[in-house]
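To start, the structure itself, in structure tokens.
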Amino acid sequence: MNRIKCLDGLKLDIVTWLKDYLTQEELSCFVVGVSGGIDSAVSSTLAAETGHPTYVVSLPLMSKQQNHRLSHDHCKFLEEKYENVTYIEVELSGAYDHFHHSLNWWSDAKGFKKTEFTSDELTNANTKARLRMMTLYQIAGSKGGMVVGTGNKVEDFGIGFFTKYGDGGVDISPIADLYKTEVWEFGKYLGVDQRIIDATPTDGLWDDGRTDEDQIGASYEDLEWVMESGIVNNNHNYLECESWKGEVITPQLKTAIKVFAQYHKQNRHKMVSVPIFQFNQL
């Protein structure tokens with residue numbers, strides 16, 4: 001998917017938008033968590049381009065060496081290129097271990113008992129994302145700054161592939177209306193390290209190093225086609241379609257349609273505002 005007509009114009013628009021919002025909110029800096037992936041590399045570069053103080057933060061948490069190396073190298077690159085950038089690394093593995101151990105046991109008058117609060121792998125992975133979010137907000141709060149989001153369009157508004165109050169907990173989202181494939185193209189234009197562009201996308205939250213596509217079950221390219229085509233929202237029989245708007249629905253696309261529909265429904269609560277009970281006794 002590629003809707004970008006002018007990369008120069010896109011960069012100027014986003015950088016101006018970031019600067020204007022920071023001024024409007026009377027804050028002093030940007031804080032960006034850098035994972036070693038393309039999304040955070042592009043978001044952090046755009047923040048750096050504003051000229052405002054920008055803290056790029058590497059947050060290793062039982063991370064694979066390759067991811068940590070890419071994160072470190074990108075942060076160092078930005079710090080050396082831009083005078084307004086400061087690189088911070090916060091090792092969170094020990095903090096996570098302590099939290100995990102503390103939650104694993106609870107005490108009463110009879111002594112300590114083991115809990116089951118840490119037995120779910122997905123919940124544990126989400127806790128890692130939330131610990132990173134807490135760290136970014138600690139830095140932002142201490143510096144009078146705002147946390148910059150790194151999510152893309154299909155993750156944030158299509159399938160909800162993010163952690164609620166984790167990587168989804170941000171103040172501003174510069175690339176959330178760009179598809180992943182557009183972010184890759186934008187990254188090339190911005191001069192992001194080719195190793196990051198070529199790296200297989202992963203959220204880095206799993207001990208086994210599983211990739212995004214391993215978790216989702218479909219490629220970003222196919223999911224983007226599903227989202228942009230509108231087939232799920234505009235056709236009640238989308239699973240039975242053989243073609244849509246002139247495009248033949250291959251078995252691979254059928255899988256992507258099914259995956260998109262499932263995730264969109266399952267994660268809708270993450271992509272809409274929190275429900276608020278309306279008091280009406282006046």
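Read-outs throughout are calculated quantities, based only on the coordinates presented, and are distinct from any laboratory measurement. What you see is a predicted model, and the numbers here were worked out from it, not measured in a lab. Backbone-built Cβ (ideal geometry, glycine too); neighbour counts: all protein chains shown.
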Contact order relative to length of the chain, as percent, for alpha carbon pairs under 8 angstrom and 6 or more apart: 20
For the chain, with +1 on Lys and Arg beta carbons and -1 on Asp and Glu, the positive-most of T202, H101, W184 along the dipole: H101
Helix-only CD estimate at 222 nm, as mean residue ellipticity for the chain, using -39500 (n - 2.57) per DSSP H run (n ≥ 4): -15000 deg cm²/dmol
Rounded FRET efficiency, nearest 0.05, which uses the C-beta distance separating K258 from K188 and R0 of 45 Å: 0.90
Karplus 3J(HN,Hα) series, Hz, for the stretch 269-276 with 6.51 cos²θ - 1.76 cosθ + 1.60 (x for Gly, Pro): 4, 7, 9, 10, 5, 5, x, 10
Selected from I175, I88, I38 as most flexible by GNM, with the chain as the system and alpha-carbon contacts under 10 Å: I88
Karplus 3J(HN,Hα) series, Hz, for the stretch 30-45 with 6.51 cos²θ - 1.76 cosθ + 1.60 (x for Gly, Pro): 10, 10, 10, x, 10, 9, x, x, 5, 5, 6, 5, 5, 4, 5, 5
Amide hydrogen neighbours beyond the local backbone of S173, cut-off 5 Å, H modeled: G149
Evaluated at q = 0.12 Å⁻¹: base-10 log I(q)/I(0), Debye formula over Cα of the stretch 1-129: -0.62
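Which order do peptides 10-22, 66-78 fall in by mean Cβ count within 10 Å, highest first? Each step should come with its number before you reach the end.
Numbers: 10-22: 15.9, 66-78: 19.7.
Ranked from most to least packed, the peptides come out as 66-78, 10-22.
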K76-Q281 pseudo-label distance in nm [points 7 Å out on the Cα-to-Cβ vector]: 6.3
Of V90, V56, V42, the one that fluctuates the most in a GNM where the chain has Cα springs shorter than 10 Å: V90
Two-site label geometry, N267 and T23: point separation in nm, points 7 Å out along Cα→Cβ: 3.5
Mean shadow area of the chain, taken as a quarter of the surface of its Cα convex hull (nm²): 20.4
Debye-sum result for the stretch 217-282 in log10 I(q)/I(0), which assumes one identical scatterer on each alpha carbon, at q = 0.20, 0.28 Å⁻¹: -0.77, -1.30
Out-of-range pairs (alpha-carbon distance over 30 Å; input K19/K245; K5/K128; K180/K270): K19/K245; K5/K128
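Using a ≥ b ≥ c from the Cα gyration tensor of the stretch 113-192 (square roots of the eigenvalues), is it rounded, prolate or oblate, where a/c under 1.5 gives rounded and otherwise the larger of a/b and b/c decides, a/b for prolate?
Numbers: a/c = 2.69, a/b = 1.50, b/c = 1.80.
Oblate, because a/c is 1.5 or more while a/b does not exceed b/c.
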For T202, residues with placed amide H under 5 Å, excluding near neighbours: D212
